[in-house]
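Single-structure report; data block below.
Each value in this text was obtained by applying a stated rule to the coordinates, not by laboratory testing. This one's a predicted model, so the numbers in the text were calculated from it and none came from an experiment. For neighbour counting, all protein chains shown are included, and Cβ atoms are generated from backbone atoms with ideal geometry for every residue, glycine included.
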Amino acid sequence: MEIEHIKEKIKGDLGREIFFYKTVGSTNVIAAELAEKGAAEGVVVLADSQEKGKGRLGRFWISPPGVNIYMSIITRPAIDPEDATLLTVMTAVGCTIALRRVTSLNVTIKWPNDLMVSDKKIGGILTEMKTYPAKIIFAIVGIGINVNIDIDVFPDDVRKTATSIKNETGILSSRAEITAEILNEIDRWYRILKGMGKKILLTEWQRLTSTLGREVKVTIGKETFIGLAESLDDKGRLILRLPSGELKRVSTGDLTILR
Ligand code: BTN
């Protein structure tokens, strides 16, 4: 991937400085280390491959070389740790708009952090943060996009639920172009979020999601809730209408669309 091509296309603050590695354990870990040492907001860590790519809930993110995007953005938002889900919301919105523009695919957001095309996962977001005592010191927004990967490379179980841009469009895409588009679009939404535009962001998320209005199952640890995904609250939590009629707010979990 040509870092110069990305830098030429960067319009905002995110990605003005990019650290590129041929291979890392996880870009989220490297970004956290840089943030610990004082790296500024907007610094991006990008890798061609990851040996210990992290997915949500302790899962592994398949990260072979030469094909996909693995990047992490350092942010230092002046928001409550309670509102940190909004960083994932902002990233999902930015990625979805950028991917739709570049690929023309109908990318949608599956709560809380999946980027989907025709009911298969094309990308994911992992937000991790350091707080002290009740403030966010930094938050690392990690983004993985399956760009040119041949889905035959995935193990059987993953192949049923995952896809890539190449698999959907039949053509190879420029990782540099997509990376720059994503960074520019997230930059735009980050500015909106910081400028008190939380409502605008949440409205945009609702426009781009495929989760609302569906009957869903959400598993949180050992608990499972089935209900209608009604809306998103102002902290980015999903509001479920349980069969009893009661409303349940969930801030994290594993979601399956039932109907
Ligand atoms: C998920 O859907 O489970 C989240 C996947 C996040 C993967 C990205 S790849 C770049 C960054 N570094 C990591 O180790 N994970 C995230």
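Compute the signed sum of charges (Lys and Arg +1, Asp and Glu -1) over the other residues within less than 14 Å, Cβ to Cβ, of L228. Each step should come with its number before you reach the end.
On the way: positive: R214, K217, R241, K248, R249, R259; negative: E215, E230, E246.
Around L228, the surrounding residues sum to +3.
Using Cα-Cα distances under 8 Å and only pairs 6 or more residues apart, what relative contact order does region 215-257 have, in percent?
Working: 77 pairs, mean separation 16.7, N = 43.
Relative contact order for region 215-257 comes out at 39 percent.
So what's the back-of-envelope 222 nm ellipticity for the chain, counting only DSSP H runs of four-plus at -39500 (n - 2.57) apiece and dividing by all residues, rounded to 500?
Details: 7 runs with 76 residues, N = 259.
The per-residue figure over the chain is -9000 deg cm²/dmol.
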Q: Could you size up the charge dipole of region 215-257 around its Cα centre, putting +1 on the beta carbon of Lys and Arg and -1 on that of Asp and Glu, and report it in debye to the nearest 20?
A: 100 debye
Q: For region 29-128, calculate the relative contact order in percent as a whole number, restricting contacts to Cα pairs under 8 Å that are 6 or more residues apart.
A: 21 percent
Q: Could you tell me which helices of the chain pass both thresholds, a Cα extent of 20 Å or more along their own axis and a mean Kyte-Doolittle hydropathy of at least 0.0, with helices taken as whole DSSP H runs?
A: 85-103
(Q) Quick check on packing: order 50-60, 134-144, 240-250 by the mean number of other C-beta atoms within 10 Å, highest mean leading. (A) 134-144, 50-60, 240-250
Q. How many angstrom separate the Cα center of region 16-92 from the Cα center of region 122-198?
A. 9 Å
Q: Rounded to the nearest 0.05, what FRET efficiency do I137 and L57 give with R0 = 30 Å and r taken as the Cβ-Cβ distance? Could you check?
A: 0.80
**Q.** region 249-259 - phi-based ³J(HN,Hα) in whole Hz, Karplus 6.51/-1.76/1.60, Gly and Pro as x
**A.** 9, 10, 9, 8, x, 9, 10, 10, 7, 8, 9
Q: Could you list W61, W111 in order of exposure, starting from the residue whose Cβ has the fewest other Cβ atoms within 10 Å?
A: W61, W111
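Which FRET efficiency value, to the nearest 0.05, do you get for T256 and I79 by plugging their Cβ-Cβ distance into 1/(1 + (r/R0)^6) with R0 = 35 Å? Intermediate values should be presented prior to the final figure.
Details: r = 30 Å, r/R0 = 0.85.
Approximately 0.75, to the nearest 0.05.
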Q: Please get the size of the charge dipole for the chain, origin at its Cα centre, with Cβ charges of +1 on Lys and Arg and -1 on Asp and Glu, quoted in debye to the nearest 20.
A: 500 debye
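So for the chain, averaging the separation of alpha carbon pairs under 8 Å that are six or more residues apart and normalising by length, what relative contact order in percent results?
Details: 557 pairs, mean separation 47.3, N = 259.
It rounds to 18 percent for the chain.
My understanding is that a pair violates if its Cα-Cα distance is over 25 Å; which of K22/K160; K22/K54; K160/K198; K194/K235; K166/K222 do that in this structure?
Numbers: K22/K160 29 Å; K22/K54 17 Å; K160/K198 35 Å; K194/K235 14 Å; K166/K222 36 Å.
Beyond 25 Å: K22/K160; K160/K198; K166/K222.
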Q. Between E223 and R16, what FRET efficiency follows from the Cβ-Cβ distance if R0 is 35 Å, with the result rounded to 0.05?
A. 0.25
